[in-house]
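One structure is given below, encoded as structure tokens.
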Amino acid sequence: MPNEEEKRTKQARAASMAGGDRRDGANSTVVSDLLDFLNSSPTAFHAVDEAKKLLNDAGFEQILEREDWNLQAGNKYYFTRNYSTIVAFAIGKKFVAGNGFHIVGAHTDSPCPKLKPVSKVVKGGYLEVGVQTYGGGLWHTWFDRDLTVAGRLIVREKKDGSSCYSHRLVRIKEPIMRIPTLAIHLDRGVNDGFKVNTQSHLAELNKVETVSILTEDGDGGDGRKSSERKKSDSKKHHSLLLKLLASEAGCEPDDICDFELQACDTQPSVLGGAMKEFIFSGRLDNLCMSFCSLKALIDATLSESSLEDETGVRMVALFDHEEVGSDSAQGAGSPVVLDALSRITNSFSASVSKAKVLEKAIQKSFCVSADMAHALHPNYMVCGFQDSWVANRHPFIFICLMSAVFQDKHEENHQPKLHGGLVIKHNANQRYATNAVTSFIFREIADRHNLPVQDFVVRNDMGCGSTIGPILASGVGIRTVDVGAPQLSMHSIREMCATDDVTHAYEHFKAYFEEFGDLDSRIKVDV
């Protein structure tokens with residue numbers, strides 16, 4: 001067997017043959033840390049919890065929206081809303097009220113099946129868990145996967161003879177559910193096109209019904225006898241599921257008052273590809289951008305001198321509910337960002353006209369809306385896969401199962417490639433918030449650091465998705481650019497992106513935090 005030195009030599013030789021100066025994404029700390037983050041974040045709640053740990057370790061102080069804020073220039077803070085949205089910021093030592101905010105916004109949620117308020121279903125002797133679809137998922141990819149559940153519980157606790165309530169994050173790591181496909185012998189036409197019925201097909205199978213719930217009388221502190229409460233709860237959810245959740249949370253099944261749970265894959269996020277040049281994972285959209293922006297903020301404010309000459313506020317805002325339109329108390333459509341900007345500005349303003357100071361601050365501010373982008377798919381190109389740069393520099397294998405009729409899915413001059421750097425997204429109809437000024441700013445930062453960037457415009461004959469960018473731009477009035485790392489299999493249970501692009505994103509966001517203030521002072525618009 002070759003020793004480690006021989007392995008490294010072979011890897012270096014392979015990298016050289018594939019393109020010489022390729023960044024070794026497999027050995028990147030950023031990539032390794034991203035994999036850890038992904039594997040610890042099956043839900044938006046867990047992603048926020050992991051973000052809190054990273055911020056605490058980096059010296060950020062938690063503050064609460066329900067309380068007064070006592071903020072100091074040069075310090076770093078964060079707050080959460082609903083525990084599924086988190087906003088972190090570092091105040092420059094030269095910040096005064098009316099100065100701008102340098103923001104990266106991303107989102108913590110991903111498409112998934114979520115358990116219904118009444119999830120108990122029994123059919124054909126099987127225990128099934130009823131789910132509702134969240135977001136626009138590729139639901140056929142959820143079939144024949146080893147699934148489990150994760151999310152949060154609302155748990156009753158006894159303290160000093162009275163009841164209080166808290167939320168606890170849970171994740172059952174073992175596969176406990178599955179959505180099986182029908183055998184081809186019973187559906188000979190399935191390969192001609194399988195259409196998922198999201199009501200009848202997406203029920204998760206557990207086991208044959210053999211468990212009954214036992215009850216005892218007693219007061220549970222909520223006005224109902226335990227027997228009444230258990231009977232009611234057992235009608236809504238399988239007692240077996242409640243027992244598994246209680247065991248995971250360290251409580252009794254009777255103490256679970258409510259929950260928000262979703263189905264999730266048990267297969268871990270991993271490095272893949274012949275040269276370990278890819279990440280195969282669920283929830284890359286959009287935990288990849290969430291992590292890269294968060295790590296960039298942490299590293300851009302790590303040293304004591306990093307905020308010495310900063311006149312603005314560096315901020316990351318990770319929102320929930322982007323996949324369903326952002327219209328919630330913790331979505332980008334809520335006042336969460338405007339509230340944060342207002343409270344920070346007011347903390348440094350003794351003026352009576354605080355509103356006018358905030359208006360000035362918003363006009364000096366800038367937002368990078370970071371959401372994963374659509375990479376060129378080689379099986380959906382009329383001319384075939386001919387790009388020698390990618391093919392030679394980053395060899396990988398695609399299984400090509402194409403029908404006789406196929407259609408190009410990318411506009412000819414806007415075809416983002418994996419390993420090609422962050423993608424700047426454009427749309428004349430404002431589905432993305434990018435304009436010439438915001439695009440230039442982001443591209444100029446890339447040029448200063450020799451970072452690659454790409455452009456994306458959707459075909460005129462196809463609909464265009466959207467992001468939090470236009471929501472923040474129109475709701476707050478802040479200049480915004482829409483960007484994202486390219487990926488394939490977006491909204492599948494298992495997505496993929498390039499390790500190089502993870503590093504590119506992190507470095508680009510970090511440079512933005514460190515250099516935007518100086519660059520913006522040289523740009524003259526509306527003068």
Quick one: which residues, 5+ away or cross-chain, put their amide H under 5 Å from the amide H of V121? H built at 1.01 Å from N.
E128, G130
Keeping all protein chains in the complex and leaving out DNA, RNA and ligands, what accessible area do you get for C164 with a 1.4 Å probe, in Å² to the nearest 10?
40 Å²
Given the protein chains as shown and a 1.4 Å probe, how many square angstrom of D33 are accessible, to the nearest 10?
50 Å²
Of the cross-linked pairs K173/K235; K123/K173; K114/K195; K364/K425; K295/K425; K159/K295, which ones have a Cα-Cα span greater than 29 Å in the structure shown?
K159/K295
Sequence-distant residues sharing a close amide H with N427 (under 5 Å, placed H)
Y432, T434
What does the accessible area of F513 come to, in Å² to the nearest 10, when a probe of 1.4 Å is used?
0 Å²
Can you sort L297, L358 by 1.4 Å-probe accessible area, starting with the largest?
L358, L297
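Return the inverse of the average 1/r over all pairs of distinct C-alpha atoms in the stretch 84-190, which is the Kirkwood hydrodynamic radius, in Å to one decimal. Don't skip to the answer; put the middle values down first.
Numbers: mean 1/r = 0.0526 Å⁻¹.
One over the average 1/r among Cα pairs gives 19.0 Å for the stretch 84-190.
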Under the Karplus curve 6.51 cos²θ - 1.76 cosθ + 1.60, θ = phi - 60°, whole-Hz ³J(HN,Hα) for the stretch 363-379, x wherever Gly or Pro sits:
6, 9, 9, 8, 10, 9, 8, 10, 9, 4, 10, 7, 6, 4, 9, x, 7
Taking placed amide H atoms and a strict 5 Å upper bound, the residues 5 or more places from V104 or on another chain that come that close are M315, V316, A317, V368
For Y126, Y512, what's the largest-to-smallest order of accessible area, 1.4 Å probe?
Y126, Y512
At 7 Å along the Cα-to-beta-carbon direction for both N413 and Y380, put a label point, then send me their distance in nm to one decimal.
2.2 nm
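The values are calculated or read from the model by the stated rules, or taken from the named source; none is laboratory data. All values reported here derive from a predicted model rather than from experimental measurement. Backbone-built Cβ (ideal geometry, glycine too); neighbour counts: all protein chains shown. Just the protein is used for accessible areas: all its heavy atoms, side chains included, with ligands, DNA and RNA removed. Shrake-Rupley method; radii C 1.70, N 1.55, O 1.52, S 1.80 Å.
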